[in-house]
Structure formats: C-alpha cells, structure tokens
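The values are calculated or read from the model by the stated rules, or taken from the named source; none is laboratory data. Worth saying up front: this structure is predicted, and the values here are computed from it rather than measured. Here the Cβ positions follow ideal geometry from the backbone for every residue, glycine too, while neighbour counts run over all protein chains shown. Only protein heavy atoms, including side chains, enter the accessible area calculation; ligands, DNA and RNA are left aside. Shrake-Rupley method; radii C 1.70, N 1.55, O 1.52, S 1.80 Å.
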Amino acid sequence: MKIALYSTTADTLTKEDASYPIGLGYLGAVLENDGHEVMVENYFNLPWKDVEVRITEELARYQPDIVGVSVLTMNRTSSFKTTQLAKSILPEVKVIAGGVHTAALYEGILSTYPVDAIVIGEGEMTVPELMRVMEGEIPITDVRGIAVKLDGKIHLTPARELIKELDTIPFPKHEYFKEYIEKTQKGHIMSTRGCPVGCQFCSTTQYWGKTFRARSPKNVLDEIEMLIKRFNVKHIMFMDDAFSLNQTRVIDICKGIIERGFNITWEASTRVTAVSEEMISWMVKAGCIHVALGIESGSARILKNIGKHITPAQIKKAFDILSQFKLGAGPYLMVGNPGETEETIAETKSLLNEITTEEIRSVGILQIYPQTKLYELAKENGMINDDFWLTDQPIPYYTAEHSLSTLKKFAISIILHSCKKKGLWGVIKFFFTMLRERPIKNMKIVLRYSHTIFHTLFR
C-alpha cells in the first residue's frame, strides 16, 4: 500500500526546526519492512498556507491509500485540517491519526473530523496491523490499541501492551529527514521510553505508562554508528524524557562511544536525581557538551505540589556535579504552578544564586495539556473541558491563581535576575539578543513590562 505520513504546522513557529518527528521515522521503518511504500513529510515549522499547498499537490500526485497524521497538542489544528484536506482530495483515502493528543480525546476527534482510526499509544505494532485491516486480511476489531467509529458508535479496542524489548524495533528511517540532518549535521535518537514520576503538568507518564524502558547500549551505539556513516553526523541529540535513569547503561554507552572512536558531541535531558560524579565524568569523556534538567521551581512547596519528587538540595547537588566537570547545564524553569506566589518566585531566584547554569533566556509559563493531572484539576475548576480541543484556540495557560500578565512578570523577573549574575554586560547581551531576534514583538514586551524590568534590575 502507498502511505503518506505527516507532521504539520505548529501553533507557534520558530525560525528553524529544532528537531524532526522521530516517531514517524519509526512508523515508516516498520511499514517499509512490511513491504509498503511510505512517504514522510515534516512541515511542523512551516506556515499552514504553504503546507496546505504542498500537501494538496503531494496527495494529487502521490495518490496514497493511507494518510497518517501525527497529532500533538501544539499542532492539532493543522493536523485536523490535513484530515479534511485529504478526504476532499481523495474521498476514498483512509485517514489514521496518532500521537499524544489523540489518546485522551479520541471520542471528540472521531465525532468531528474525517478520521477512520485513532492509534492509542505506541504504533509500531498497531499500525502494521491496521494496514492488514485495510487490505481485508483481518477485521478491525482484532486490532488492539485503537479507537474507531463503527455503525455510528465510537468503539475502543482493548489496550495494547507496551513493547517490552525496544531493541526489537527497527531503527527509525532517518532518510526521511536527510535534508535537515545533512544541513545541521545533527542526528536524533530516542534511547528510552517512559518516565516513572508522573509530574502534574506532564503527559509522558499517562501516554507511555510509568514503566521505564531502555534500549541496550549496543543497540544505541549501532544507531549512532549508522548515523555517522550514512549522514556524517557530528552531533547527537538524545530525545529521551529521562535519559540517565539507568546510570550503568549510560556509562556503558559512553564507554562504547570511546571504544568505537566516534568523533561526535552530544546532549541529553534528565532528572537531577539521576546525576552522579562517575556518570558525568564518563559523559564528558565521551563528548557530552550539554545536559538539560527539569527543575521547574526553587520552592520545595511547589516541587511537592506538582509531584516532581525532587528537592532544592538535590537540585543544588546535581548542578554542583555538572559545574565540577564544566559540563553545560541548562535548567527548565516554569512559573504558574499551583501554589505559586511572590515568595515562591523569590525562592526560585535564590536557588539560581546558588547554582551554576548556562544563560537562562526563557522561562516557561504553565500551560494546560490534555492527559495530565493538571488538566483534570483545570476541569474541576471549570477552566476547560474536552470540547475546547475541537476549537482553533491556542493551548491555554493555567490562570486559576494569577493572570497571564502576572505570570509573564514572574517569568521576566527570573530571567533578568539570572542575567544580573553576569553584571551589566549580561543584561545588555540579553536585551540585544531579544531585540535582534524579534525586534517589534520584543520591544513591545520591554515597553509593557518596563516597571517589572526596572524594579528587577535596579532594586
């Protein structure tokens, strides 16, 4: 069968893509292994008006039997427009949707959009079975892990078990993203799936389950070697949510990078509780140049409220180790979590005084995503319901306790507080970068929040 897989326009576009949809690379690989012809297109960072033209031309030319869309909350609007576009051009085409956003909201999606099936959870086993359904080999009710509309009613099949041995999955087909990889010399690898923590704002645990699964060091190293030989990759970005939960595995990967003579740099994200001197020393030896850690807040109360299961003391210890080995360290920070106050913001600033980090240029403002504990809280507070996600409105901020304007002031004050650690030059550099990247938009921000900026810098 001929299959077209799409990742479409995000709500907020940036100047350059920071990544490529590795999930579609996995799906494409397993489908091609089954003998299907697959086309994958990543339009995540292109305006919809351009994407609409491209998809229209592609579908008319390629004439696929199946169109699949990867639906994230941040690109749901364009994804659903793509399903409508596909059916208008090819009325007989079968449309499949999958991704984090669809898992919790399948009923509204199937009732509203021309989607024939929704994949719930991992797709590497489910999607090939759906192709057998389309070819008339098996009934659709035999496929686990999907939602479909049958006889006018929504039908959810039994859940599919998680793939226990990730090494059994073929490598994602990076060739789909050859232009990006060769331009940036960066390859993306997902070496683990799942996170056992379950933070209030995060959908990872709900989507992947609390079971942490990891590929073997050899399997990961083989994929790195393939990327180097095939694309001359110089830098690897590990896309894992919690790369180093199994520190012995990470050390073995590092030893393998050294033993195989890979001339690469790399980076990863992890938890502050999964950092040790031994592991970091090996990571540096093996070419790691940056680690990002989700700390969110410097307030012990906020960290407890959101189920982060870390403490300010553990944060300090982790950053002390990273500083000891001179490894680039970037904290993920967020304002607006339940219980946030001026005092908790001050605690975050105080923590930043005690740790060494890279320049902090952005601080997130808490947003509400489906399939999270925060979403359930927001629904209880009457802030949102499932019908919201059928609109074109942007992802909402959590404003049950503070206005968006106040939350922006909190974020700006933390950024400027961090800049002050480097003196006047740090502040000047920050404003210069802001105005150079988005002069009109950022000048409006400076003018609107001038009081907060002045108070933060000169008090």
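As a test question: what accessible area, to the nearest 10 Å², does Leu5 have when a 1.4 Å probe is rolled over all protein chains in place?
10 Å²
May I ask you to give the average projected area over all directions of the convex hull of the Cα atoms of the range 1-108, in nm² rounded to one decimal?
6.8 nm²
What's the tally of Lys pairs in the range 1-159 whose alpha-carbon atoms lie under 22 angstrom apart, where the two lysines are 8 or more places apart or on different chains?
Lysine pairs meeting both conditions in the range 1-159 amount to 12.
Which distance in Å, rounded to a whole number, links the C-alpha centroids of the range 272-312 and the range 335-392?
First find each Cα centre; the distance between them is then 18 Å.
Over the range 203-306, give the accessible area per residue in Å² for a 1.4 Å probe, as an integer.
Accessible area per residue, the range 203-306: 39 Å².
At a 10 angstrom cut-off on C-beta neighbours, averaged per residue, how do the peptides 373-380, 117-124, 169-176 rank from highest to lowest?
Values: 373-380: 16.5, 117-124: 23.0, 169-176: 18.5.
In decreasing order of mean packing, 373-380, 117-124, 169-176 become 117-124, 169-176, 373-380.
Relative contact order for the range 98-219 using alpha-carbon pairs under 8 Å, separation at least 6, rounded to a whole percent?
Over the range 98-219, the number comes to 19 percent.
Any lysines with Cα under 22 Å of the Lys421 Cα? List them, leaving off those in the same chain fewer than 8 positions away.
Lys316, Lys317, Lys326, Lys349, Lys408, Lys409, Lys429
Thr311: net charge of surrounding residues, Cβ under 10 Å, Lys/Arg +1, Asp/Glu -1, itself excluded?
Taking every other residue near Thr311 into account, the sum is +4.
Using the Kyte-Doolittle scale, which helices in the chain average at least 0.5 and also have C-alpha atoms spread 15 Å or more along the helix axis, with helices defined as whole DSSP H runs?
Once both thresholds are applied, what remains is 22-33, 404-420, 423-437.
Return an integer: the convex hull volume of the alpha-carbon atoms of the range 186-288, in Å³ per residue. Don't skip to the end; give the middle numbers.
On the way: hull volume 9.5 nm³, N = 103.
That works out to 92 Å³ per residue.
Return the aspartates and glutamates within reach of Lys229: Cα separation strictly under 20 angstrom, same-chain partners fewer than 8 residues apart disregarded; answer none if there are no such residues.
Those aspartates and glutamates meeting the cut-off are Glu175, Glu179, Glu182, Glu259, Glu267.
When all protein chains stay in place, what accessible area (Å², nearest 10, 1.4 Å probe) is found for Phe325?
Approximately 60 Å² for this residue.
Leaving out same-chain residues fewer than 8 places away, which aspartates and glutamates sit with a Cα under 16 Å from that of Lys164?
The qualifying aspartates and glutamates are Glu122, Glu124.
For the range 150-210, what does the convex hull of the Cα positions come to per residue, in cubic angstrom? If you can, show how the numbers build up before the last one.
Working: hull volume 12.4 nm³, N = 61.
Cα-based convex hull of the range 150-210, divided per residue, equals 204 Å³.
Please list log₁₀ I(q)/I(0) at q = 0.08, 0.10, 0.14 Å⁻¹ for the chain, using the Debye equation with identical point scatterers on the alpha-carbon positions.
Once normalised to I(0) and log-transformed, intensities are -0.51, -0.81, -1.53.
Run the numbers on the range 153-246 and let me know its relative contact order in percent, using alpha-carbon pairs under 8 Å that are six or more apart.
Dividing the mean separation by the residue count of the range 153-246 yields 37 percent.
For the chain, give me every cysteine whose Cβ has no other Cys Cβ within less than 4.7 Å, ordered by residue number.
Within the chain, the cysteines lacking a partner Cβ under 4.7 Å are Cys195, Cys254, Cys288, Cys419.
So how do Asp320, Asp240 rank on accessible area, 1.4 Å probe, biggest first, that is with the largest at the start? Before the final figure, lay out the partial values.
Numbers: Asp320 90, Asp240 5 Å².
Greatest to least solvent exposure: Asp320, Asp240.
Could you tell me how far the Cα centroid of the range 182-247 sits from the Cα centroid of the range 122-174, in Å?
What the calculation gives is 23 Å, centre to centre.
Taking 8 Å as the Cα distance limit and 6 or more residues as the minimum spacing, I'd like the relative contact order of the chain as a percentage.
Relative contact order for the chain comes out at 11 percent.
What shape does the range 238-356 have by the C-alpha gyration tensor, where a ≥ b ≥ c are the square roots of the eigenvalues, rounded means a/c under 1.5, and otherwise prolate means a/b greater than b/c and oblate the rest?
prolate
Give the carbon-plus-sulfur fraction of the accessible surface of the chain in %, rounded to a whole number; probe 1.4 Å, heavy atoms of protein chains only.
52 percent
Sort Met74, Met334 by heavy-atom solvent-accessible area, probe 1.4 angstrom, most to least.
Order by accessible area, largest first: Met74, Met334.
How many Å² of accessible area per residue for the range 370-411, probe 1.4 Å?
Numbers: 2190 Å² over 42 residues.
With all protein chains present, the range 370-411 gives 52 Å² per residue.
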